[in-house]
Amino acid sequence: MAISAPEPLRLIGNAEENFHVLGRKHAALYQRMRDFREPTGPLPGLIRAFKGLTQPPAPPLPALPPLGGAWLQAYCEGLEVRMTDYLALLDRLEAGHLRNLAGVLPAGTSVLHWDDAGQAMEHLRLVDWYPGLTGQPPLEILYVKAPGQQEIVSVHPAGLPFLPLSMMNSAGVTLALHPKHHPGDHTEGGPIGPQCWELMLEARSTVDVKRALKRWQPRRFFGVVSTDPSGACYAADLLGPQHDGRASEGREEKTSVYNGAPLLKDERLAAVASPHHAEIQRLRRQWCQDRVKGVTEGAGLLELTRPTRASRNVAPAITAATSHALAFHPTSHRLELLLAGPPAWAHEGMVVWDNLFQNSMREPRIVPFTNIDSPDAPARQRFALAQAAMDRGEPDDAFHQLQMGLAQARGEVKALGDWAWPWWQWRHLDGKRDRLHLPQLVRDTHARAGNLYRPSLQFLLFLLEWELQLVPTLAPPDLGPAFKDWADAFLTAAPLKRREMTGALDARLDLQDLRPLGWTKE
């Protein structure tokens with residue numbers, strides 16, 4: 001069912017006072033996110049201690065930019081929480097240190113596309129967010145107009161203005177954040193959100209963005225993607241003083257796609273990603289390239305989200321965690337927002353704000369989509385609800401939603417959830433007797449699965465044969481490089497370590513892969 005178009009929250013006038021009032025408004029949302037903690041008990045505590053994931057005390061308050069820091073301070077006063085506590089929550093969100101979500105990051109996708117007909121750029125955004133934390137509405141739009149400053153529009157998960165995943169200012173500069181996996185953090189670094197607000201108050205081109213990013217030292221590993229009305233594009237990966245940037249011209253490159261993959265190949269990053277992370281990100285980039293190739297006249301958002309046949313050998317960039325999809329048009333100052341999600345596949349329409357800085361986003365128009373047949377929408381939504389329930393620690397509801405989705409899905413769309421069904425049963429069924437039916441279920445699922453899911457199903461069969469003491473048909477060399485390394489380490493590990501290794505395994509519908517975790521030999 002389509003969601004209603006969100007009403008922008010307009011912060012016009014004294015920004016500090018406005019952010020204070022916004023903090024008061026967000027008190028209940030903050031409480032909900034704060035309570036979404038890691039599980040307690042002896043086994044989860046032992047696993048976290050073994051993996052070194054036990055949360056350290058809140059770090060000292062980092063240096064904050066003048067205006068962004070003042071806005072954050074006012075916001076925290078409105079929430080009636082200490083700034084250090086709020087920053088600790090942001091850090092857990094950025095690092096994926098929440099209950100049932102260790103190592104999971106909602107990266108999303110940015111597509112910078114040059115419209116030859118209109119001779120203008122568009123910045124398309126598919127925004128993923130933690131399914132268990134995605135409420136209704138799933139997003140929030142802030143329009144900020146402070147005296148003597150550039151105006152800014154931020155689209156972000158509801159209740160998180162200081163994790164501004166998508167932004168545009170009145171100079172037409174866009175900015176998108178992409179959390180990325182990294183084995184450590186820069187403990188002397190600060191939060192990236194206040195820096196984003198500060199940058200967007202100043203930037204009038206991607207040259208300004210590049211210059212500002214050089215001064216940043218964020219604590220967590222982030223990708224930043226930006227474009228401006230001239231067609232210039234800039235993308236960078238940031239962690240502490242490390243800055244890996246890439247500049248390009250939209251007129252020449254036509255389409256650039258950025259997601260959770262690092263800009264530069266780094267073997268250290270492979271140790272904390274899932275086995276197929278790099279390949280899935282590559283497939284999702286190609287999927288976006290194919291969708292918007294040759295698209296003109298500002299139709300990029302519709303083409304990127306139009307539901308078509310899925311492919312069992314391709315990973316769509318729209319996942320069960322894609323809470324919203326939007327498009328910034330830097331030259332015309334237009335914002336398009338899809339009226340759907342999660343997952344954000346087009347089937348109803350979109351809301352459009354034209355010249356949004358001239359009228360303070362007060363005159364939206366609804367553009368209905370016609371001739372879009374989306375028979376798979378109910379099944380896709382069931383998959384999204386299933387992952388959300390699993391994130392909340394409600395496996396019974398998750399199993400129900402996944403079963404309903406599989407019953408409704410047809411053809412290749414069914415493969416999006418089919419592969420996870422035996423994995424979830426392996427994770428949540430207790431006792432050898434209950435698991436004895438799983439090897440044949442895995443074999444049957446493997447026989448009809450696409451190439452994207454077969455390696456993980458084969459890996460599950462290896463685990464089942466070992467756990468149930470069946471006649472082995474698979475050995476580590478049969479599993480492929482990433483799974484082979486894990487299996488070799490598993491077979492030579494002590495019992496406690498084996499328990500920790502299997503305890504970290506988890507299939508995720510939003511990632512279409514296993515949960516990211518350490519895969520290197522120790």
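Taken together, the values in this text are just the output of simple stated rules run on the coordinates, not laboratory data. Here the structure is a predicted model, which means the values were calculated and not measured. Because the Cβ atoms are built from the backbone with ideal geometry, glycine has one as well, and the counts that use them run over all protein chains shown.
Going from the fewest other Cβ atoms within 10 Å to the most, the residues Leu496, Leu402 appear in the order Leu496, Leu402.
In terms of surrounding Cβ atoms within a 10 Å radius of their Cβ, Ser248, Ser256, Ser110 rank from fewest to most as Ser248, Ser256, Ser110. Prolate is the label for the chain. Its Cα gyration tensor axes, ordered a ≥ b ≥ c, give a/c of at least 1.5 and a/b above b/c. Cβ crowding within 10 Å, taken as a proxy for footprinting-reagent exposure, orders Arg204, Arg448 from fewest neighbours to most as Arg448, Arg204.
Assuming a viscosity of 1.002 mPa s and a temperature of 20 °C, what translational diffusion coefficient in µm² per second does Stokes-Einstein assign to the stretch 212-308, Rh being the Kirkwood radius over Cα pairs? Here the translational diffusion coefficient equals 141 µm²/s.
When you restrict to C-alpha pairs under 8 Å that are six or more residues apart and normalise by the size of the stretch 419-514, the relative contact order lands at 27 percent.
Of the three principal axes defined by the Cα atoms of the stretch 246-384, the extents in descending order read 49, 39, 27 Å.
Subtracting the Cα-Cα distance of Arg443 and Glu412 from their residue separation scaled by 0.36 nm leaves 9.3 nm. With kT/(6 pi eta Rh) evaluated at 20 °C and eta = 1.002 mPa s, and Rh the Kirkwood radius from Cα pairs, the stretch 221-274 diffuses with a coefficient of 173 µm²/s according to Stokes-Einstein.
Ranking Ala346, Gly231, Met390 by Cα position along the charge dipole of the chain, where only Lys, Arg, Asp and Glu carry charges on their C-beta atoms, puts Met390 farthest toward the positive end. Pairs from the list Lys214/Lys254; Lys180/Lys210; Lys210/Lys293; Lys210/Lys254 with a Cα-Cα gap above 24 Å: Lys214/Lys254; Lys210/Lys293. Anisotropy class assigned to the stretch 136-248 is oblate, per the alpha carbon gyration tensor with a/c at or over the 1.5 cut-off and a/b no larger than b/c. By its C-alpha gyration tensor, with a ≥ b ≥ c as the square roots of the eigenvalues, how is the stretch 419-514 shaped: rounded for a/c under 1.5, else prolate for a/b larger than b/c, else oblate? Note, shape of the stretch 419-514 comes out rounded. Take every pair of alpha-carbon atoms less than 8 Å apart whose residues are at least six positions apart; their mean separation over the length of the chain yields a relative contact order of 14 percent.
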